[in-house]
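Here is the structure we will look at, set down as structure tokens.
The values are calculated or read from the model by the stated rules, or taken from the named source; none is laboratory data. Computed from a predicted structure; not experimentally measured. Cβ coordinates were reconstructed from backbone atoms using ideal geometry, including for glycine residues, and neighbour counts include every protein chain displayed. When the accessible area is computed, the model is the full protein with side chains, heavy atoms only, and any ligands, DNA or RNA have been set aside. Shrake-Rupley method; radii C 1.70, N 1.55, O 1.52, S 1.80 Å.
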Amino acid sequence: MTTEARQERRASIWVEVSLLLTVFFFATNFVAVKTVVEVVPPVLFAAVRFTLVGLLMLAILRFVEPETRLARGDLPTFIGLGFVGISCTQTVFTIGVGQTTAANTAVIYATAPVWGMLLGFFLKLERPRLTGIVGIALCLFGVVAVQYGGLELAGTSLTGDFLILLAAIFWGSYTVLSIPLLRRYSPLAVAAYSIFLGGLIVVPISLVDLDVNYVDLTGLIWFAALYSALLSSGFGFFGWQRGVAAVGANRVLIYQYLIALTGITAGIILLGETFGPGQVLGAAIILGGVYLARRR
């Protein structure tokens, strides 16, 4: 094996490892966020989390890629991307996860790639296919099955599930809208600028509710907040976009399934949540719909 081949193999292994770590951090983030928002207002947590993580990522970007600069003409695009992918997605997600279970969140959020594909149809980036249309229909049916199956279970609510679905739509849209910028900027740069700008947009909104009982900020809450910010938001966003850039969206889709399954498991083990037969059926339908929709 040549030196170049060995280097490519090491790079490939690192991409796989970073994606597996991202899967774990993303999946357990459902539990971490749910833990934090029991004490901290959801919008306030989203604003602080992403603004600080954005600053950290910008510092890392300046160190790792000192030549990278944000072109003035791209600023409005990054602001729009941050608004969709961070301001809208994470605000709605953080509020929603506080009103439903982490297990339901993991399943419904797995529909994100399908909504990205649907946006691609409208923007004429992809041609509508029969399998894609069927996959979208299955995902919608699966979400209804998850919601119906969880009506009698503790911790679930239609409002929370709907908010998570809305967050998944925003996140899928963010993925599609970031493609033009990824052609001119590195995955780290796209993540850093969009996270920071998106977090800043949420800051004024978060000032409406600053009701935090600091006595309730236990070590567990601080750990969950730091875990969500540094590992899920920081490493996770970079690792996911780097994986998409390295191995392609279709292959990364496999890891989307792992996030859903790991998230369900984490909710059951760490929070003692219940996942009934109806929700299991809905989860299977959703994952099948996502696979069918994104199948080439």
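Per-residue answers, yes or no, for (1) farther than 19 Å from residue 163 by Cβ; (2) open to solvent by less than 20 Å² (accessible area, probe 1.4 Å); (3) not in a helix (DSSP H, G or I):
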residue	(1), (2), (3)
46	no, yes, no
53	yes, yes, no
63	yes, no, no
77	yes, no, no
80	yes, no, no
85	no, yes, no
90	no, yes, no
94	no, yes, no
107	no, yes, no
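Considering segment 165-198, the residues that are buried (at least 20 other Cβ atoms within 10 Å of the Cβ) and over 18 Å from residue 240 (Cβ atoms) include one that is modelled with the highest pLDDT, namely 197. Being farther than 20 Å from residue 83 by Cβ, free of Cβ contacts under 8 Å to residues at least 60 places away in the same chain and of a type outside the set (A, V, I, L, M) is the filter here, so list the residues in segment 176-217 that pass it. Across segment 176-217, the qualifying residues are 183, 214. The residues of segment 268-285 that are touching a helix residue (DSSP H, G or I) at 6+ places or on another chain (Cβ under 7 Å), closer than 16 Å to residue 102 by Cβ and not in a loop (DSSP other than H, G, I, E, B), listed by number, are 268, 270, 271, 279, 282, 283.
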